[in-house]
Each structure stands twice: as C-alpha cells, then as structure tokens.
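*Asks:* Below you will find the structure I want to go over with you.
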Amino acid sequence: MSRTTTGPGRPHRPQSPQSSQSPRVTLRSFGQDDAEEFTALARDSRSLHRPWLFPPEEPAVYAAYARRLTEDPAKAGFLVCERPSGRIAGFININNIVRGGFLCGALGYGAFAHAAGRGLMSEGLDLVLRHAFGTLGLHRLEANIQPANQGSIALVRRAGFRLEGYSPDFLFIDGAWRDHERWAITAGTAD
C-alpha cells in the first residue's frame with residue numbers, strides 16, 4: 001500500500017471514510033444508533049478484552065464515548081463492520097491527534113469475540129492507515145501495547161509498525177500503572 005504524505009500546513013477536516021472497504025470489511029463512523037449492538041458485543045467479549053481494554057458496556061457510557069469520537073477534532077473513531085451483513089467486528093480509534101509539525105495520532109482498538117482471529121481487524125487497520133495518511137494528512141501513528149498482549153502486537157506488526165521502545169508505568173489501566181511497548185508507523189513506510 002502506498003501512503004500519501006502531506007505537509008504540516010494541511011488543515012484538519014474530520015471526514016468519514018464512507019467509501020473505505022476491503023473484500024470483507026467496511027469502515028464507518030460511530031453512531032448513536034450503534035449503542036445496543038456495540039455494548040452487547042463488548043459485554044460478550046469481556047474475557048477477550050480484559051485486562052487490556054474496557055470498551056463501553058452500557059448504552060449511556062457508549063453515547064458519551066461515541067460523542068467524543070465524533071465531535072472532538074483530536075479524535076477519529078471507526079467501526080470495523082463485516083461485509084455484507086454490517087455486523088460490527090471491532091473498532092479502531094485515532095486519539096490525541098496533534099497537528100502542526102507533529103501530525104501524529106495514537107491508536108486504540110479492539111476486536112469483538114465473534115470476529116477475533118479472522119483477519120478482519122487487519123483489513124480494518126489497513127483501511128484506517130490509508131485514511132489516516134491520506135484524508136487526515138497524518139505523518140505518524142503510534143500504538144502503545146502491554147507486552148503480554150500478543151494479539152495486539154501481532155496486529156500492528158502485520159501492518160508494518162516498528163517497535164520503538166518500552167515505557168514503564170505508561171498508562172493507568174485496571175487499577176494499576178501498566179508498562180507498554182511503543183510501536184509506530186509513518187507515512188511512506190513500506191508494507
């Protein structure tokens with residue numbers, strides 16, 4: 001996949017990846033009408049997600065979460081949906097988007113249990129990378145992953161991310177400060 005680079009002066013215009021699809025998945029923005037499906041899938045996937053992440057499991061919590069992802073210009077959230085059913089397979093968010101000379105964002109993501117291990121998130125991540133380095137005009141994406149989370153490490157490694165370092169006590173998750181590996185990819189990086 002070739003990635004388009006853009007300069008630091010490119011303005012940020014949040015856009016939905018409406019035409020982003022692969023053979024098995026499509027990306028779409030979070031919507032308030034997704035609350036019931038998303039939260040039911042999050043509850044059903046609790047054993048897969050814990051202790052790594054804690055997606056919203058209640059509609060009211062989801063509503064605030066989706067609102068932040070759609071209204072905050074420093075965030076972009078995407079649902080990875082199976083084709084042709086449209087069932088939500090997972091989610092990929094770009095958080096902490098910084099413009100100017102940095103043009104960087106931090107990835108957060110998770111598959112739902114019914115989709116885990118089927119390659120759907122790899123297809124979804126490829127679409128997000130195209131959107132991030134193209135439409136959004138970013139230069140760099142980072143993924144901070146707990147070292148024991150081998151599934152997440154395998155996902156970013158397949159996508160071409162490189163290991164850049166190790167951060168002790170990096171994020172407060174599940175009641176404790178957790179160590180993380182720092183993975184990153186830049187625009188123009190070969191697949």
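*Asks:* Tally time: how many residues in the stretch 50-69 are surrounded by 17 or more Cβ atoms within 10 Å (Cβ to Cβ) and in a helix (DSSP H, G or I)?
*Replies:* Residues in the stretch 50-69 being surrounded by 17 or more Cβ atoms within 10 Å (Cβ to Cβ) and in a helix (DSSP H, G or I): 4 in total.
*Asks:* Output yes when any residue across the stretch 113-131 is polar (S, T, N, Q), in contact with a helix residue (DSSP H, G or I) (Cβ under 8 Å, 6 or more places away or on another chain) and modelled with pLDDT of 95 or more, and no when none is.
*Replies:* yes
*Asks:* With respect to Arg157, determine if the residue is charged (D, E, K, R) and either at pLDDT below 95 or touching a Lys or Arg at 6+ places or on another chain (Cβ under 9 Å) (or both). Even if it seems obvious, please write down each step before you answer.
*Replies:* Details: charged (D, E, K, R): yes; either at pLDDT below 95 or touching a Lys or Arg at 6+ places or on another chain (Cβ under 9 Å) (or both): no.
So Arg157 does not fit the description; no.
*Asks:* Among the listed residues Ala106, Ala89, identify the single one that is within 20 Å of Ser22 (Cα to Cα), among the small types (Gly, Ala, Ser), at pLDDT 95 or above and not in a loop (DSSP other than H, G, I, E, B).
*Replies:* Ala89
*Asks:* Take the residues of the stretch 138-188 that are among the basic types (Lys, Arg) and in contact (Cβ under 8 Å) with a residue 40 or more places away in the chain: which is farthest from His49 (Cα to Cα)? Working first, answer last.
*Replies:* Within the stretch 138-188, the subset among the basic types (Lys, Arg) is 140, 157-158, 162, 178, 182.
Now drop any that are not in contact (Cβ under 8 Å) with a residue 40 or more places away in the chain, which leaves 140, 182.
Values: Arg140: 26, Arg182: 19 Å.
Here the residue is Arg140.
Okay, residues lined up against (1) within 19 Å of Ser122 (Cα to Cα); (2) at pLDDT 95 or above; (3) under 16 Å from the mean Cα position of the chain (by Cα); (4) small (Gly, Ala, Ser):
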residue	(1), (2), (3), (4)
Asp34	no, yes, no, no
Thr39	no, yes, no, no
Arg43	no, yes, no, no
Leu53	yes, no, yes, no
Pro59	no, yes, no, no
Ala64	no, yes, no, yes
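*Asks:* Which one is surrounded by the most Cβ atoms within 10 Å (Cβ to Cβ) among residues in the stretch 115-166 that are in a helix (DSSP H, G or I) and polar (S, T, N, Q)?
*Replies:* Across the stretch 115-166, the extreme among qualifying residues is Ser152.
The values are calculated or read from the model by the stated rules, or taken from the named source; none is laboratory data. On a predicted model such as this, the values are computed, not experimentally measured, just so you know. Please note: Cβ atoms are built from the backbone with ideal geometry, for glycine as well, and neighbour counts cover all protein chains shown.
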